[in-house]
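First the structure, in the form of structure tokens, and then the observations on it.
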Amino acid sequence: MTASSSPRVSVEGDKERSMLLQKQMIAGHYTALSRAPQEGRKVVYTFVPGNLTELLRSFDLLPVLPEINALQSGMRKLSGDYIAEAEKHGHSEDVCTYVKCDIGMLKKGNIGPTGERLPPPDLLLLSYTGCFTFMKWFELLRQEYDCPVAMLHVPYQSEGHILPHHVDYIVQQLRTEVIPKLEQVSGLRYDEDRLREMLRLSAQAEDDLVWVLESAKHVPSPIDAYFGGVYYIGPMFTAFRGTAEGVSYYRVLREEVEGRLREGLGPLTPEGSQEKERYRLVMEGPPNWTRFREFWKMFYDEGAVIVASSYTKVGGLYDGGFRHDPERPLETLAEYCMGCYTNLGLPTRLALLERYIREYRAGGFMINSIKSCNSFSVGQLLMLRQLEQRTGVPGGFIESDLVDPRYFSAANIKNRIESYLQMLDQKRTGVNA
Amino acid sequence: MSAELANLITHAQELNDDFDLTSVRAWKEAGTGRKAIGHMPIYVPRELIHAAGMLPVGIVGAGERLEIIRGDAYFQSYICHIPRSTIELALSRRLDVLDGMLFPSICDVIRNLSGMWAMLFPERYVRYVDLPQNFESQTGGVYWRRELETLRDDFGRLSGKPIEDATLRDSIAVYNENRSTIRELYRARSRQPWVYPTSEVYVLLRAGNLLAPEDHTALLREYLRLAPLETDRRDRDQSRVVLVGMFCEQPPLGLLLTLERAGCWVVDDDLLLGLRWIMGEISCAGDPLQALVEAFLTKSAETAARYLPDGQHGGALVESVRRNRAEGVIFCAPSFCDPALLEQPMLITRLDREGIPHTQFKYSEDTGQFAVTREQAGTFSDSIRLWSQA
């Protein structure tokens with residue numbers, strides 16, 4: 001569910017080497033996908049939360065992430081038409097717009113972010129992690145593509161801790177359901193040593209990713225951990241986890257951020273470097289993609305920097321200490337899946353946000369409540385209250401959607417953001433007085 | 001209608017309308033140390049609660065009769081209605097009689113509601129029941145057994161008495177009897193829907209959320225005895241339809257009455273599906289926990305909240321249409337219900353392939369106006385009858 005940029009999608013502005021590098025890498029990935037049928041490479045569609053990228057790559061399979069395609073369509077202003085197309089085919093206006101955008105894109109030719117046709121899946125790897133809609137989404141795609149599905153049910157972590165039999169359950173599914181289907185599709189045998197090596201590379205990149213995310217603890221923060229987080233910090237992680245390229249990318253990114261820290265620079269944004277850090281905020285919930293740059297600018301204009309966010313943790317929660325462990329390859333994949341943010345019970349999510357507010361010295365937090373996403377949205381109003389009570393930090397609440405342009409009211413959202421930040425000012429003034 | 005039948009239906013209706021759960025309080029007070037465990041739709045293993053000597057209580061929101069004052073403050077406008085009325089019931093202390101609450105995995109709303117419950121009522125027993133979506137005995141079966149063992153231990157602790165295998169076997173038998181009676185009622189309605197109108201069947205079925213299963217079975221048997229004695233119940237020229245999408249948030253009774261008045265005989269539905277989730281007998285021999293596991297893996301109802309490994313969506317629906325000699329399907333789902341609404345296009349594809357007519361509309365548990373429903377259902381029914389005659 002995190003973003004990735006591409007040659008056709010840009011929020012423009014100044015770019016650092018990491019941004020250009022990821023652009024190249026992702027363009028290369030999409031080109032490889034478009035050529036996959038001609039080159040005999042097999043393609044697996046799967047989801048960001050609970051993705052098994054290392055396992056797929058250990059079989060030389062190429063991952064396609066439909067959420068990424070949907071949000072790319074949102075950024076390219078195509079999602080409105082795609083959603084309308086899906087609704088024309090009987091999909092309800094009430095349900096997830098990622099799903100409808102993906103179905104609509106398929107109905108209109110399955111043209112990917114680079115303008116090239118995406119290959120149909122050879123396998124749908126349904127990693128059922130933290131989102132009920134995922135199950136229906138791939139059931140719908142199965143009907144469209146008539147291809148095999150490997151179902152991986154990841155137990156929800158309602159109690160806030162992983163139970164041994166939950167790990168066993170996932171490992172057993174990997175052994176009996178997922179790996180045999182990957183073997184069948186790829187024609188290769190499961191190679192655990194190869195998987196271990198990829199997991200080792202993942203852990204290296206994870207160290208640098210966490211370092212970058214935690215650099216936002218500095219005042220001023222050298223990064224924006226939400227808009228920047230989904231634009232160029234987090235997205236590389238999904239498709240390139242377990243690769244040498246991924247390790248190099250995060251090394252470059254870390255060096256850049258180290259440089260910004262040395263120079264006392266704020267985050268790089270599409271409008272240029274953010275010079276003033278007037279507000280440090282924590283953000284809960286996904287962004288809106290159809291007006292991404294405008295949404296970001298609303299915060300930029302006010303000098304608001306997002307120093308930590310939950311959305312950048314849907315693909316894995318590494319700043320809690322998790323690292324892929326090559327010594328326990330399947331078990332570590334199980335633990336990774338279960339630890340993704342939306343697979344965590346509300347009390348655990350609340351505790352994480354509370355930790356972010358304290359550790360990142362945030363003066364406020366904001367919830368962007370997404371119409372499409374019950375997994376995130378249900379309970380957020382209670383989280384708002386309890387987070388305020390626990391931290392004494394005021395929260396703001398705005399509503400939008402992932403990729404449905406009908407549900408982004410710019411004037412209303414801007415007004416709410418400004419009012420909220422004014423309230424923070426008044427609170428600060430009051431405290432000083 | 002005979003006074004006896006009228007009293008029976010009124011009794012069930014009063015149970016359903018009583019948001020204070022007086023009947024549950026009365027049940028608890030009738031014995032020392034009795035406890036009650038609430039649960040949301042769709043399926044939880046009620047046998048385990050029963051075997052612990054506790055009363056399973058199905059909570060399905062509050063329909064159209066409860067004014068939502070606090071509940072709306074917890075949910076955005078684009079979330080279905082059942083969580084807001086359920087929270088309203090809880091915050092108004094009407095659910096204090098429950099000693100615990102179970103939230104089965106049906107969708108993200110009910111899932112997150114379990115977390116809200118834990119945050120709002122930290123002193124109470126709350127458990128998210130994550131049903132397996134893998135139906136292989138060595139995989140999903142092993143996992144589900146471990147989950148059931150946890151529930152069994154929890155319920156033993158809550159009730160103060162560990163659950164013995166023999167007791168659990170007895171409880172399984174009690175629920176087998178209950179489900180068998182429900183199936184008998186559904187078969188009777190399918191044969192003669194004018195004798196067993198859905199507006200009555202539903203009221204009696206729903207009382208099963210509140211009554212002890214033995215009492216519910218007795219209630220249904222009495223209805224099966226009394227309804228055919230009504231001499232003025234005659235067949236009318238109505239279309240036979242199957243209702244789909246009502247397995248969680250329940251429709252107002254007025255909506256079911258409207259469908260019947262608009263010319264539809266409901267011959268099958270998925271209302272309160274949890275009461276009959278297991279489609280057949282559960283073995284009363286051997287290891288009872290394993291019997292619950294096997295029944296879940298092999299006899300679970302086909303519904304939107306369940307993964308279908310073979311991908312043949314709509315198979316059970318088409319089979320129901322055929323078995324019940326239905327002439328059409330009405331998709332009637334709550335607004336913003338992810339499982340029902342995401343499943344619908346797949347079911348429609350299947351029905352279209354089979355040439356089965358269908359129509360669709362949405363409701364909310366607090367829907368108060370049925371004019372549009374009546375018009376749409378009436379038109380649908382008319383079109384079926386005209387089409388059939390052609």
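Looking at A:Ser372 and the list (1) over 21 Å from A:Tyr128 (Cα atoms); (2) at pLDDT below 95; (3) surrounded by 23 or more Cβ atoms within 10 Å (Cβ to Cβ), which single condition is not satisfied?
(1)
Here are B:Gly53, B:Gly71: which of them is of a type outside the set (A, V, I, L, M, F, W, C), surrounded by fewer than 24 Cβ atoms within 10 Å (Cβ to Cβ) and within 14 Å of chain A (Cβ to nearest Cβ)?
Answer to the selection: B:Gly71.
What's the number of the only condition in (1) closer than 19 Å to A:Asp94 by Cβ; (2) hydrophobic (A, V, I, L, M, F, W, C); (3) within 14 Å of another protein chain (Cβ to nearest Cβ) that B:Leu351 fails to meet?
(1)
Going by the structure shown, is B:Pro213 open to solvent by less than 10 Å² (accessible area, probe 1.4 Å), at negative phi, at pLDDT 95 or above and touching a helix residue (DSSP H, G or I) at 6+ places or on another chain (Cβ under 6 Å)?
Spelling it out, B:Pro213 is indeed open to solvent by less than 10 Å² (accessible area, probe 1.4 Å), at negative phi, at pLDDT 95 or above and touching a helix residue (DSSP H, G or I) at 6+ places or on another chain (Cβ under 6 Å).
So that you can scan it fast, the table gives a plain yes or no per residue for (1) open to solvent by 10 Å² or more (accessible area, probe 1.4 Å); (2) assigned to a loop (DSSP other than H, G, I, E, B); (3) at pLDDT 95 or above:
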site: B:Ile9; (1), (2), (3): yes, no, yes
site: B:Val24; (1), (2), (3): no, no, yes
site: B:Gly33; (1), (2), (3): yes, yes, no
site: B:Ile37; (1), (2), (3): no, no, yes
site: B:Val44; (1), (2), (3): no, yes, yes
site: B:Glu47; (1), (2), (3): no, no, yes
site: B:Glu64; (1), (2), (3): yes, yes, no
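Inspect all residues belonging to the stretch A:328-349 and state whether any of them is under 20 Å from the mean Cα position of the chain (by Cα), under 25 Å from A:Tyr190 (Cβ atoms) and open to solvent by 10 Å² or more (accessible area, probe 1.4 Å).
Yes, that holds for at least one residue.
What strands (runs of 3 or more DSSP E) completely inside the stretch B:230-343 contain at least 3 residues that are in contact with a Gly (Cβ under 8 Å, 6 or more places away or on another chain) and modelled with pLDDT of 95 or more?
Filter on the stretch B:230-343 gives B:239-244, B:328-334.
For the stretch B:123-137, which positions are farther than 12 Å from B:Gly100 by Cβ and in a loop (DSSP other than H, G, I, E, B)?
B:Asp130, B:Leu131, B:Pro132, B:Gln133, B:Asn134, B:Phe135, B:Glu136, listed by residue number.
Among the listed residues B:Thr379, B:Thr303, B:Thr367, B:Thr298, which satisfies the condition of being in contact (Cβ under 8 Å) with a residue 40 or more places away in the chain and open to solvent by 60 Å² or more (accessible area, probe 1.4 Å)?
Result: B:Thr298 is the single residue among B:Thr379, B:Thr303, B:Thr367, B:Thr298 that is in contact (Cβ under 8 Å) with a residue 40 or more places away in the chain and open to solvent by 60 Å² or more (accessible area, probe 1.4 Å).
With the structure loaded, tell me whether A:Val43 is modelled with pLDDT under 85, open to solvent by less than 10 Å² (accessible area, probe 1.4 Å) and β-branched (Val, Ile, Thr) or whether it fails that test.
For A:Val43, the condition - modelled with pLDDT under 85, open to solvent by less than 10 Å² (accessible area, probe 1.4 Å) and β-branched (Val, Ile, Thr) - is not met.
Being among the β-branched types (Val, Ile, Thr), under 19 Å from the mean Cα position of the chain (by Cα) and more than 7 Å from chain A (Cβ to nearest Cβ) is the filter here; which residues of the stretch B:101-140 pass it?
B:Ile106, B:Ile110, B:Val129
Could you tell me whether any residue of the stretch A:370-391 is touching a Lys or Arg at 6+ places or on another chain (Cβ under 6 Å) and of a type in the set (A, V, I, L, M, F, W, C)?
No, that holds for no residue.
Going residue by residue through the stretch B:243-262, is there one that turns out to be polar (S, T, N, Q) and farther than 20 Å from B:Arg374 by Cα?
no
Do we find that B:Leu148 is open to solvent by 10 Å² or more (accessible area, probe 1.4 Å) and more than 9 Å from chain A (Cβ to nearest Cβ) in this structure?
No.
Which residues, taken from the stretch A:266-280, are more than 27 Å from A:Lys427 (Cα to Cα) and surrounded by 15 or more Cβ atoms within 10 Å (Cβ to Cβ)?
A:Leu268, A:Thr269, A:Pro270, A:Glu271
Could you pull out the residue among A:Gly246, A:Gly264, A:Gly272 that is more than 25 Å from A:Leu402 (Cβ to Cβ), under 17 Å from the mean Cα position of the chain (by Cα) and of a type outside the set (S, T, N, Q)?
A:Gly246
Residues that are crowded, with 20+ Cβ neighbours inside 10 Å and modelled with pLDDT of 95 or more: does the stretch A:411-419 have at least one?
So far as the stretch A:411-419 goes, yes, one or more of its residues are crowded, with 20+ Cβ neighbours inside 10 Å and modelled with pLDDT of 95 or more.
Can you name every residue in the stretch A:351-386 that is more than 30 Å from A:Glu93 (Cα to Cα), within 21 Å of the chain's Cα centre (by Cα) and within 14 Å of chain B (Cβ to nearest Cβ)?
Correct list: A:Ala351, A:Leu352, A:Leu353, A:Glu354.
Just to be sure, is A:Pro180 more than 9 Å from chain B (Cβ to nearest Cβ) and in contact with a strand residue (DSSP E or B) (Cβ under 7 Å, 6 or more places away or on another chain)?
Answer is no for this residue.
Specify the residue that is surrounded by the most Cβ atoms within 10 Å (Cβ to Cβ); the eligible residues are those in the stretch A:298-319 that are outside any loop (DSSP other than H, G, I, E, B) and in contact with a Ser or Thr (Cβ under 8 Å, 6 or more places away or on another chain).
Once the filter is applied, the top-ranked residue is A:Val307.
The values are calculated or read from the model by the stated rules, or taken from the named source; none is laboratory data. No experiment lies behind these values; they were computed from the predicted model shown. Please note: Cβ atoms are built from the backbone with ideal geometry, for glycine as well, and neighbour counts cover all protein chains shown. The protein model used for the area step is the full one, side chains on, heavy atoms only, and it has no ligands, DNA or RNA in it. Shrake-Rupley method; radii C 1.70, N 1.55, O 1.52, S 1.80 Å.
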